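Worksheet: the structure to be examined is printed underneath.
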Amino acid sequence: MSFNTLSILIPVFNEGKTIEIVLDKIISVQLTGNLHMEIVIIDDCSTDNTEELVSRYIASHAPQDIRYIRQARNLGKGAAIREGIKRTSGDYTLIQDGDLEYDPREYNLLIQPVLEGFADVVFGSRFMGGNPHRVLFFWHTIGNRFLTFLSNLFTNLNLTDMETCYKLFRSDMLKGLTLKENRFGFEPEVTARISKVREARIYEVGISYYGRTYDQGKKIKWLDGLRAIWCILKYNLFTRPDSRS
C-alpha cells in the first residue's frame, strides 16, 4: 500500500491550556518521506475555550490542513475517535491526545516501520527504549502493565504498552473495525479487534512520555481500569472478528 498522507486524529475535551502548544508541535514536524499531514480535531463538547482557540488557530494557519469537528454532546474519548475515523482521509491514521504527555517529534519513529514495508499497525510504547519518561504514579504503572499482560494473554501479542495513546493504523484496516467503546475502553477494544485481522502486521517502538498529574488535567480514573478489564474479556472472548478479518 502506498503511503502519501498521514492523518493525525486528536480527540479533545477541555484542552484549552494545551491545544495550541500541541498543534504548534505537530505542524513543526517534518515527516519522513515528505508525507502530507492531515490534522482532524474532534471536540467532545468542551465547556472551556477549546473551540474558540482551535477556530482561531485554524484561521491563522491557512493553508495548513486542519479540520475541527465538535460533538453535539459529551460522549467520551472513544466516541470522539470513532467520529474522527469517519472524517480522516489519509492512508494511515495516528491517534494524538490534546495534552502534552506525548511528543509529536516522535511521529517519524512510528511511521518508519511502515515506510520500510514491515508494518500495518505501530504502537508507541512508554515502557521500552531509552527515551525520557516522567516518574509518576506507581500504581498506574502497575495497572498499565497488568492490563497489557491480560490483553496479551488473549490476543497472543507481546506488546509492552497496550494502553498507549500513540497508535498508528493503516486507515483501511482501522475503518474496517466495528468499534463501540465510548470512553477509555477504546484502547483494549481496538487492540483486541486489530489482533483478529489476520493480515495486520503489528509493530511496537519506544517513545518518550511526559505524564500529567490530576491537577494538570489527567482524566483517567480507577473505574476506567475496571472497564478496561471488562473490555479485554468482552472483545477477546465474546465478540466475533470483523468481517474482513
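Just so it is clear, none of the values below were taken in a lab; they were calculated from the coordinates. What you see is a predicted model, and the numbers here were worked out from it, not measured in a lab. As a convention, Cβ positions derive from the backbone with ideal geometry for all residues, glycine included, and neighbour counts pool all protein chains shown.
Counting each DSSP H run of 4 or more residues in the chain as -39500 (n - 2.57), what helix-only mean residue ellipticity at 222 nm follows after dividing by all residues, to the nearest 500 deg cm²/dmol?
-11000 deg cm²/dmol
Tell me, V40, V197 in order of fewest to most beta-carbon neighbours within 10 Å?
Going from least to most buried by this count: V197, V40.
Please give me, ordered by residue number, the trypsin sites (Lys or Arg not before Pro) of the range 15-121 that lie in loop per DSSP and have at most 11 other Cβ atoms within 10 Å.
Those that pass, being in a loop and sparsely packed, are R73.
Whole Å is fine, so just give me how far the alpha carbon centre of the range 53-87 lies from that of the range 183-210.
22 Å
Which residues does a label at E20 reach in the range 52-73, if reach means a backbone N under 14 Å from a point 7 Å past the Cα toward the Cβ?
The answer is 52-61.
Please state the charge dipole magnitude for the chain, taken about the Cα centre, from unit charges on C-beta atoms (+1 on K and R, -1 on D and E), reported in debye and rounded to the nearest 20.
Once rounded to the nearest 20, the dipole reads 780 debye.
Treat the count of other C-beta atoms within 10 Å as a stand-in for reagent exposure and order T148, T178, T160 from fewest to most.
T178, T160, T148
Which loop chymotrypsin sites (Phe, Trp or Tyr not before Pro) in the range 74-156, with loop taken from DSSP, have no more than 12 other Cβ atoms within 10 angstrom of their Cβ?
Those that pass, being in a loop and sparsely packed, are F118.
Excluding R105 itself, what net charge comes from residues whose Cβ is under 14 Å from its Cβ, given Lys and Arg +1 and Asp and Glu -1?
-3
Report, for the chain, the % of DSSP beta bridges that are antiparallel, rounded to 5.
Expressed as a percentage, antiparallel bridges in the chain total about 20.
Sequence neighbours fewer than 8 away in the same chain don't count; with that in mind, list the aspartates and glutamates whose C-alpha is under 16 Å from K196.
D120, D172, E187, D242
Between L150, I207, Q112, whose Cα lies farthest towards the positive end of the dipole of the range 5-237 when Lys and Arg beta carbons carry +1 and Asp and Glu beta carbons carry -1, centred on the Cα centre?
Result: L150, furthest along the dipole toward the positive end.
Which GluC sites (Glu not before Pro) does the range 60-134 hold that lie in a coil by DSSP with at most 13 other beta carbons within 10 Å?
Taking the range 60-134 and a limit of 13 other Cβ atoms within 10 Å, the loop GluC sites (Glu not before Pro) found are E116.
Starting from the Cα of K180, step 7 Å along the direction of its Cβ; do the same at A72; then give the gap between the two resulting points in nm.
Each label point is offset 7 Å from its Cα along the Cβ direction, giving 2.2 nm.
Just to be sure I understand the model, the point goes 7 Å from the Cα along the line to the Cβ. What's the resulting S2 to N34 distance in nm?
Rounded to a tenth, the inter-label distance reads 1.4 nm.
Which residue fluctuates the most in the chain, going by a Gaussian network model with Cα springs under 10 Å, if the choices are N108, N156, N14?
Result for the chain, Cα springs under 10 Å: N156 fluctuates most.
Hey, rough spin-label estimate for S89 and T141, points 7 angstrom out along Cα→Cβ, what's it come to in nanometres?
Distance between the two pseudo-spin positions: 4.4 nm.
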